[in-house]
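A.B. asks: Before anything else, here's the structure in question.
The values are calculated or read from the model by the stated rules, or taken from the named source; none is laboratory data. Because the structure is a prediction, the values reported are computed rather than measured. Cβ: placed from backbone, ideal geometry, glycine included. Neighbour counts: every protein chain shown. Surface accessibility is based on the protein's heavy atoms, side chains included, excluding ligands, DNA and RNA. Shrake-Rupley method; radii C 1.70, N 1.55, O 1.52, S 1.80 Å.
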Amino acid sequence: MSRILDQRILLLVISLAASVQSTKVLSEWKKCGDPECEKAMSRVQATTDYLGPDCRYLNFKTGEEIIVYSKLSRKNENLWTGSKGKDFGYFPRDAVKVEEVLIGEEVEVLTKETDFLCLHGDKYTFE
């Protein structure tokens, strides 16, 4: 009985560690087209296929168009946030090329904890 309990505790610890990693803050700052980060910043085209490591990331294939809404800054400048159809998430900036800039100036704002949660359909997944 003790051994089963030990295994369950180990599985719980592993599960909690995975949850913490998947909701980890990727950067404290981001750049946007407006203070609310609602305005599209640019239109980009994928230059390579990309499959993200978890549900916070946007998956795409070469040639697909993505609308960019924010860019992480300071700590992690390589990740941008955008949408492709109804899908939304992070992706590496070096996996795309800018086709059209839609704003005149970028605004730097603090990120929120909700910026790093997984979004499935119309609800957030809290792990």
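A.B. asks: All but one of (1) more than 19 Å from Thr114 (Cα to Cα); (2) out of contact with any helix residue (DSSP H, G or I) (no Cβ under 8 Å at 6 or more places or on another chain); (3) aromatic (Phe, Trp, Tyr) hold for Phe88; state the number of the condition that does not hold.
C.D. replies: Exception for Phe88: condition (1).
A.B. asks: I need the full set of residues from the stretch 79-118 which are outside any strand (DSSP E or B), polar (S, T, N, Q) and either touching a Lys or Arg at 6+ places or on another chain (Cβ under 6 Å) or at pLDDT 95 or above (or both), in order please.
C.D. replies: If the condition is that a residue be outside any strand (DSSP E or B), polar (S, T, N, Q) and either touching a Lys or Arg at 6+ places or on another chain (Cβ under 6 Å) or at pLDDT 95 or above (or both), then Thr111 is the only one that fits.
A.B. asks: Within the set of pairs 6+ apart or on separate chains, which have a first residue in the stretch 99-119 that is closer than 13 Å to Lys31 by Cα and in contact (Cβ under 8 Å) with a residue 24 or more places away in the chain, a second that is open to solvent by 80 Å² or more (accessible area, probe 1.4 Å) and acidic (Asp, Glu), and C-beta atoms under 8 Å apart?
C.D. replies: From residues that are closer than 13 Å to Lys31 by Cα and in contact (Cβ under 8 Å) with a residue 24 or more places away in the chain, the pairs are Leu110/Glu28; Thr111/Glu28.
A.B. asks: Looking at the stretch 60-86, which of its residues are over 19 Å from Trp29 (Cα atoms), touching a strand residue (DSSP E or B) at 6+ places or on another chain (Cβ under 9 Å) and loosely packed, with under 14 Cβ neighbours inside 10 Å?
C.D. replies: Lys61, Thr62, Gly63 - these are the residues of the stretch 60-86 that are over 19 Å from Trp29 (Cα atoms), touching a strand residue (DSSP E or B) at 6+ places or on another chain (Cβ under 9 Å) and loosely packed, with under 14 Cβ neighbours inside 10 Å.
A.B. asks: Continuing with the same structure: Scan the stretch 82-98 residue by residue and report those that are of a type outside the set (Phe, Trp, Tyr) and in contact (Cβ under 8 Å) with a residue 12 or more places away in the chain.
C.D. replies: Gly82, Ser83, Lys84, Asp87, Gly89, Pro92, Arg93, Asp94, Ala95, Val96, Lys97, Val98
A.B. asks: Assess whether Leu51 counts as being modelled with pLDDT of 95 or more and surrounded by fewer than 12 Cβ atoms within 10 Å (Cβ to Cβ).
C.D. replies: yes
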